[in-house]
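Colleague: Below are the structure tokens for one structure; questions will follow.
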Amino acid sequence: MAGTSGGRPSIYPTLLYADAKAAIRQLTEAFGFTELSVYEGEDGAVMHAELVQGNGAVMVGSKGRGGVFDAAMKDAGTTGVYVVVDDVDAHHRRAVDHGAEILMPPTDQDYGSRDYMARDLEGNVWSFGTYAPEMAG
């Protein structure tokens, strides 16, 4: 299996949104992601964006912009993404302060994690917690 160099993640969840600009605003303002890059087409559609959180990232784009991936995702449903954060309660407060829909408040899990769950503006489910699987090298 191919690895990565320079500590780059090797898996990037990729989400398409009807309103990618609003999604980027919510992900940065409510969920604490940082914009790494945003590329827009002439019509203002988000062709590709990269948002980072810790040492991970997600890729975001606008639905209906054409291409193989857009066509493949045409009838896809929502997705779920898990993001490791250091302080679940502070992260949750930030999400609440920015009006995010909370599906589950911060909760201690039997397997040792503390996490909460929220839904973004287009129905994707985001879980934020302290559980970080140990990856054997």
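Colleague: Anything in segment 89-120 that is of a type outside the set (D, E, K, R) and within 12 Å of Phe31 (Cα to Cα)? List them, or say none.
Modeller: Matches in segment 89-120: Ala90, His91, His92, Ala95, Val96, His98, Gly99, Ala100, Ile102, Tyr116, Met117, Ala118.
Colleague: What residue, of Val52, Val46, Val68, is hydrophobic (A, V, I, L, M, F, W, C), more than 15 Å from Val81 (Cα to Cα) and at pLDDT 95 or above?
Modeller: None of the others qualify; the one that does is Val46.
Colleague: Can you find, within segment 9-28, the residue that is farthest from Glu101 (Cα to Cα) among those that are hydroxyl-bearing (Ser, Thr, Tyr) and open to solvent by less than 40 Å² (accessible area, probe 1.4 Å)?
Modeller: So, considering only residues that are hydroxyl-bearing (Ser, Thr, Tyr) and open to solvent by less than 40 Å² (accessible area, probe 1.4 Å), the one farthest from Glu101 (Cα to Cα) is Tyr17.
The values are calculated or read from the model by the stated rules, or taken from the named source; none is laboratory data. The structure displayed is predicted, hence computed values, not measured ones. Remember, those area values only see protein heavy atoms, side chains included, never the ligands or the DNA or RNA. Shrake-Rupley method; radii C 1.70, N 1.55, O 1.52, S 1.80 Å.
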